[in-house]
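Here the structure is laid out as structure tokens; the discussion comes afterwards.
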Ligand code: 13P
């Protein structure tokens, strides 16, 4: 099993241009080699270009959303060709905050995934259950349905390149992290569903992150779990020193896999 770990910061609606620049200068030359880990920062649109210009070879830059069409009368939206034209590498698709607050549906998520692949952007697809769904015992049903709808008509080769972030909604920004066993079980379930929808080879290659209150104090435990290939990190990714430690943890805990 050779899956390169991937640590991605999701800055959400934080950091002005100056703050983003401070971060990039603070991490430059301090991140482990891209041969060992993919380090990614997903920033808001206004700072993407200035980050891309200074990203260094061990860091890639991602967006947090995009439209599913190339262009059109969609005030306030940004498209895949626009991101590609400034050398953005990744894009988060279907974050629960966008699903809950900005009318993102499985249908639009699916269209966005197709569009991201068309423009050679690597999507980080977010899925996860609410607290109510977990307490009702329907977590796996919810994840299976999201995967069926979100991945509709994607090819095996596309899914092999995809990053899936398992982000239980009850763990996001709450300080309430899923235990490493709970997170590992959910990531394992996602992989088994990919086997069912595609095949063993595809499932062995797709990278599955955990996201939700990941920080320097709990990353080691999460990264030591076999089904978890990395993390999508909100709050703790905003500080340069912490981001470096989070990436280093993935390298240390996954070294034997690479
Ligand atoms: P926190 O790490 O702040 O809980 O956010 C998780 C998240 O939503 C990453 O996409």
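Listed values, structure above:
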read-out: Gap separating the Cα centres of segment 185-202 and segment 21-55, nearest whole Å; value: 31 Å
read-out: Relative contact order (percent, whole number), segment 1-88, Cα cutoff 8 Å, 6+ residue spacing; value: 28 percent
read-out: Gyration tensor (alpha-carbon) shape descriptor, segment 13-167, a/c threshold 1.5; value: prolate
read-out: Most to least packed among 75-82, 106-113, 176-183, 229-236 [average Cβ atoms within 10 Å]; value: 229-236, 106-113, 176-183, 75-82
read-out: Per-residue Cβ neighbour rank within 10 angstrom, fewest leading, 122, 155; value: 155, 122
read-out: Expected 222 nm ellipticity per residue - DSSP helices of 4 or more, -39500 (n - 2.57), all of the chain, to 500; value: -12500 deg cm²/dmol
read-out: Fluctuation leader among 103, 65, 184 - the chain, Gaussian network, Cα springs under 10 angstrom; value: 103
read-out: Pairwise centroid distance, computed over Cα atoms, of segment 61-97 with segment 207-228, Å; value: 26 Å
read-out: Anisotropy class of segment 103-218 from Cα gyration tensor, a/c 1.5 cut; value: prolate
read-out: Contact order relative to length of the chain, as percent, for alpha carbon pairs under 8 angstrom and 6 or more apart; value: 23 percent
read-out: Tensor-based shape of segment 1-80 (alpha-carbon gyration tensor, a/c under 1.5 rounded, otherwise prolate or oblate); value: oblate
read-out: Fewest-first sequence of 251, 40 by Cβ atoms within 10 Å of each Cβ; value: 251, 40
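Each value in this text was obtained by applying a stated rule to the coordinates, not by laboratory testing. Not measured: the values here are computed from a predicted model. All Cβ positions, even for glycine, are placed from backbone atoms using ideal geometry, and neighbour counts span all protein chains on display.
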